């Protein structure tokens, strides 16, 4: 019997247990206060953070907010278009946040923000060699996902659809193949628009969901954080419970035996 | 001497250290979440006080922001 206690079903990445299978991206929240409240509502324990140039006189530290929320940081390499920039950004993040975990992004195109597969693989290999725990944001490509695992990535994070598009899971066939072949956790990253998308990803067998815009840009981010948390949990429970097969025709749920014959 | 500090030309004293460049940006208190690269190499925090900048160095001083 599958447990119904989600806290007894942790997500383990590189030996670290996370009680929540929802990872939260911090981009797009209107304020640090809104972010802090959404973290609590989401239940997320692993939360992304980015690096950008300091402007003189900037105030308020996201690191203080994340530290007081008690979450683990997952620095990203957002905005990097080359393996070289992504590797340097990961090293800077390790210095800034004292973690060797990195959400590796190497973007190939500004309009779609889709990953640049060869550069992603190159950067992943170099970072693994440098001792990083690499979680690559990748295309929904089963072969690339396997290659990323082969070079030592701690998880693979295929996109459901482009970042911030909210289009959900466009290629569930490929996503299923990725899950079927992977020996490391598979986390759906990008494309979630609402709670049912997160539930679907989990029902397909994904180990987690990473979500930012769907929560931060919702009309009510706090309510959406909770909705997507519940969707993630519901999908995980449904996956473990084992869904019935799809059939073309009906199958009565009431037994036929003992049906009265009124016409005589 | 002149360095390129976060993409903008800045005048620093000859022999200035990375720490001087950090101070020039008037950070609240350079705690966790700040990192420095000089000429595309990471300079660990423990070296900020001793790492001297060359004239024309490209200095990138980054901090944590929301993203991802």
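The values are calculated or read from the model by the stated rules, or taken from the named source; none is laboratory data. All figures in this text were calculated on a predicted structure; none of them were measured in a lab. Here the Cβ positions follow ideal geometry from the backbone for every residue, glycine too, while neighbour counts run over all protein chains shown.
Tell me whether region A:239-248 contains one or more residues that are surrounded by 10 or more Cβ atoms within 10 Å (Cβ to Cβ) and in contact with a helix residue (DSSP H, G or I) (Cβ under 9 Å, 6 or more places away or on another chain). I'd like the intermediate steps shown before the answer.
Residues of region A:239-248 that are surrounded by 10 or more Cβ atoms within 10 Å (Cβ to Cβ), as a first pass: A:239-241.
Then drop every residue that is not in contact with a helix residue (DSSP H, G or I) (Cβ under 9 Å, 6 or more places away or on another chain), which leaves A:239.
Yes, the conditions are met somewhere in region A:239-248.
Answer yes or no as to whether residue A:88 is under 30 Å from residue A:129 (Cβ atoms), within 10 Å of chain B (Cβ to nearest Cβ) and not in a helix (DSSP H, G or I).
On the way: under 30 Å from residue A:129 (Cβ atoms): yes; within 10 Å of chain B (Cβ to nearest Cβ): yes; not in a helix (DSSP H, G or I): no.
So residue A:88 does not fit the description; no.
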Unique match (being in contact with a strand residue (DSSP E or B) (Cβ under 6 Å, 6 or more places away or on another chain), surrounded by 23 or more Cβ atoms within 10 Å (Cβ to Cβ) and not in a helix (DSSP H, G or I)) among A:148, A:135, A:113, A:127: A:135
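Identify all residues within region A:210-239 that are more than 14 Å from every other protein chain (Cβ to nearest Cβ) and in contact with a strand residue (DSSP E or B) (Cβ under 7 Å, 6 or more places away or on another chain); write none if there are none.
Initially, region A:210-239 is screened for residues more than 14 Å from every other protein chain (Cβ to nearest Cβ), giving A:218-220, A:222-239.
Result: A:228, A:229, A:232.
Just a yes or no: is a residue in region A:100-109 surrounded by fewer than 19 Cβ atoms within 10 Å (Cβ to Cβ), out of contact with any strand residue (DSSP E or B) (no Cβ under 7 Å at 6 or more places or on another chain) and more than 12 Å from chain B (Cβ to nearest Cβ)?
Going through region A:100-109, the residues surrounded by fewer than 19 Cβ atoms within 10 Å (Cβ to Cβ) turn out to be A:100, A:108-109.
Going one step further and asking which of them are out of contact with any strand residue (DSSP E or B) (no Cβ under 7 Å at 6 or more places or on another chain), we end up with A:109.
Now restrict to residues that are more than 12 Å from chain B (Cβ to nearest Cβ): A:109.
Looking for residues that are surrounded by fewer than 19 Cβ atoms within 10 Å (Cβ to Cβ), out of contact with any strand residue (DSSP E or B) (no Cβ under 7 Å at 6 or more places or on another chain) and more than 12 Å from chain B (Cβ to nearest Cβ), one finds at least one in region A:100-109, hence yes.
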Near pairs, Cβ below 8 angstrom, 6+ apart or cross-chain, from region A:221-234 (at positive phi) to any residue that is at pLDDT below 95 and assigned to a helix (DSSP H, G or I): none
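Look through region A:43-59, keep the residues that are within 14 Å of chain B (Cβ to nearest Cβ) and closer than 19 Å to residue A:213 by Cβ, and return whichever of them is surrounded by the most Cβ atoms within 10 Å (Cβ to Cβ). It would help to see each step written out before you state the result.
At the first step, the residues of region A:43-59 found to be within 14 Å of chain B (Cβ to nearest Cβ) are A:44, A:46-59.
Still in the running and closer than 19 Å to residue A:213 by Cβ: A:44, A:46-50, A:52.
Details: A:44: 32, A:46: 23, A:47: 25, A:48: 25, A:49: 28, A:50: 24, A:52: 16.
Going through the qualifying residues, I end up with A:44.
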So residue B:35, is it closer than 22 Å to residue A:64 by Cα and at the interface with chain A (Cβ under 7 Å from one of its Cβ atoms): yes
Enumerated strands (runs of 3 or more DSSP E) restricted to chain B, each holding at least 1 residues that are buried (at least 20 other Cβ atoms within 10 Å of the Cβ) and in contact with a helix residue (DSSP H, G or I) (Cβ under 8 Å, 6 or more places away or on another chain): B:2-5, B:34-38, B:41-43, B:58-65
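Please work out if residue A:68 is out of contact with any strand residue (DSSP E or B) (no Cβ under 8 Å at 6 or more places or on another chain) and more than 10 Å from every other protein chain (Cβ to nearest Cβ).
yes
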